[in-house]
Amino acid sequence: MHIVAAPDLQPQRDTVVVLTRENDLTADMVVEELHSRSVPVFRFDTRDFPLSLTLNAQFADGWRGTLDSPSGSVKLESIRSIYFRRPTGFSFPDAMTDAERRFAGSEARRGIGGLLISLPCLWLNHPARVANAEYKPYQLAAAARYGLDVPATMLTNDPTAEGEARELLGSLLVYKPLASASVVDGDRLSMVYATEVSPDFIADGRIALTVHQFQERLPKARDVRATVVGEHVYAANLYSDSPKGQLDWRADYSSIRYERTQLPAEVERRLLALTRCLELRFCAADFVVTPDGRYYFVDLNPNGEWGWIEQETGLPIAAAVAELLAEGQE
């Protein structure tokens, strides 16, 4: 009698991993959409490791194993896609020394991170792509390469560059931070928004202490936030009637009036080309629209917030994100 061995059945890759902190209302919206589609979801934060998250993985013609937490577990070979949102740092026992924590954190980052990026699944967005795309000078150069209008921009730490700034940018400049607008000082959180300055500001000796970004002060009819999900763009006009909000809408949310819109076809085409170049499946891009209807690309956030835009406009962003994750096509 000929005996046929039972096939080594592989679990179906059907689970979406949501990697984010505990209180993330934007991620909650996506999880709800995934549940409505009966898509299995495993949510965790890197902060859970190692106190409440356990990893057990083996390599034999590919990685297999499990991630286990008090709320559930996931087989590595069942992961279809990973929604990389806003995870926090690993959390180790208080009894460990600083040196032990640094070593354990490095091992955890390379172990768990290396394992996850090795899986044949879709990332939204891949952490390496996020890291690259967060560099604003890189964004501007890439945007211009794909035909988007960008503001004249200057990076400097030279207090003697006032004349060059005046010649390039004009008599009114906008200072904008290159990284996060939030600055943490102990328990105090401060925000650094776009600020209007004159070229004389550059002569301040403190300019020499780090790189500063200055741009021309564009005449503005409105701002546009364009949220890209895969090959779809969901755009909203943002109007502000306050001086702070007109310069930087983030400085005065209460003054903003929202309106659904569509980008001009050519601007949308160029924006999608830019996101493909940056290898992003999601981003939140900001434009300034001048009174003559010209769209200037300001910057993009590869991991930007969008939940409040959906709440204000009804744009179906959560559904689009959930659909992309559920499809899981690399």
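The values are calculated or read from the model by the stated rules, or taken from the named source; none is laboratory data. Owing to the predicted nature of the structure, the values given are computational and were not obtained by experimental measurement. Cβ sites come from the backbone with ideal geometry, for glycine too, and all protein chains shown count toward neighbours. Just so you know, the surface numbers come from the protein's heavy atoms only, side chains and all, with ligands and any DNA or RNA stripped out. Shrake-Rupley method; radii C 1.70, N 1.55, O 1.52, S 1.80 Å.
The table that follows gives values for the structure above.
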{"item": "Within the range 189-199, considering residues that are touching a residue at least 40 places away in the same chain (Cβ under 8 Å) and in contact with a strand residue (DSSP E or B) (Cβ under 7 Å, 6 or more places away or on another chain), the one farthest from V130 (Cα to Cα)", "result": "E196"}
{"item": "Residue list for the range 61-111, filter: in a loop (DSSP other than H, G, I, E, B) and farther than 21 Å from T15 by Cα", "result": "T88, G89, F90, F92, P93, D94, A95, M96, T97"}
{"item": "Which listed residue is farther than 30 Å from E312 by Cα and without any contact (Cβ under 8 Å) to a residue 24 or more places away in the chain, from G186, G163, G205", "result": "G186"}
{"item": "For V130: the one exception among (1) touching a Ser or Thr at 6+ places or on another chain (Cβ under 7 Å); (2) within 17 Å of R276 (Cα to Cα); (3) of a type outside the set (D, E, K, R)", "result": "(1)"}
{"item": "Odd one out for W63, checked against (1) in contact with a Leu (Cβ under 7 Å, 6 or more places away or on another chain); (2) open to solvent by less than 50 Å² (accessible area, probe 1.4 Å)", "result": "(2)"}
{"item": "Meets criteria (more than 26 Å from P120 (Cβ to Cβ), among the β-branched types (V, I, T) and out of contact with any helix residue (DSSP H, G or I) (no Cβ under 7 Å at 6 or more places or on another chain)) for T275", "result": "no"}
{"item": "Verdict on D45 being at pLDDT below 95, among the charged types (D, E, K, R) and over 17 Å from I317 (Cβ atoms)", "result": "no"}
{"item": "Any chance S171 is open to solvent by 20 Å² or more (accessible area, probe 1.4 Å), in a loop (DSSP other than H, G, I, E, B) and more than 30 Å from E266 (Cβ to Cβ)", "result": "yes"}
{"item": "All positions within the range 66-100 that are surrounded by fewer than 14 Cβ atoms within 10 Å (Cβ to Cβ) and among the charged types (D, E, K, R)", "result": "D94, D98, E100"}
{"item": "Matching strands (runs of 3 or more DSSP E) fully within the range 177-245 where at least 3 residues are exposed (fewer than 15 other Cβ atoms within 10 Å of the Cβ)", "result": "182-185, 188-191"}
{"item": "Qualifying residue in the range 276-283 (condition: touching a Pro at 6+ places or on another chain (Cβ under 6 Å), open to solvent by less than 30 Å² (accessible area, probe 1.4 Å) and not aliphatic (A, V, I, L, M))", "result": "yes"}
{"item": "Residue tally, condition modelled with pLDDT of 95 or more and in contact with a Lys or Arg (Cβ under 8 Å, 6 or more places away or on another chain), over the range 229-268", "result": "7"}
{"item": "Residue in the range 138-158 that is farthest from V267 (Cα to Cα), counting only those that are part of a loop (DSSP other than H, G, I, E, B) and open to solvent by less than 40 Å² (accessible area, probe 1.4 Å)", "result": "A152"}
{"item": "Residue in the range 106-125 that is over 30 Å from E327 (Cβ atoms) and surrounded by fewer than 14 Cβ atoms within 10 Å (Cβ to Cβ) present", "result": "yes"}
{"item": "Residues (farther than 12 Å from R225 by Cα and of a type outside the set (D, E, K, R)) located in the range 257-267", "result": "P264, A265, V267"}
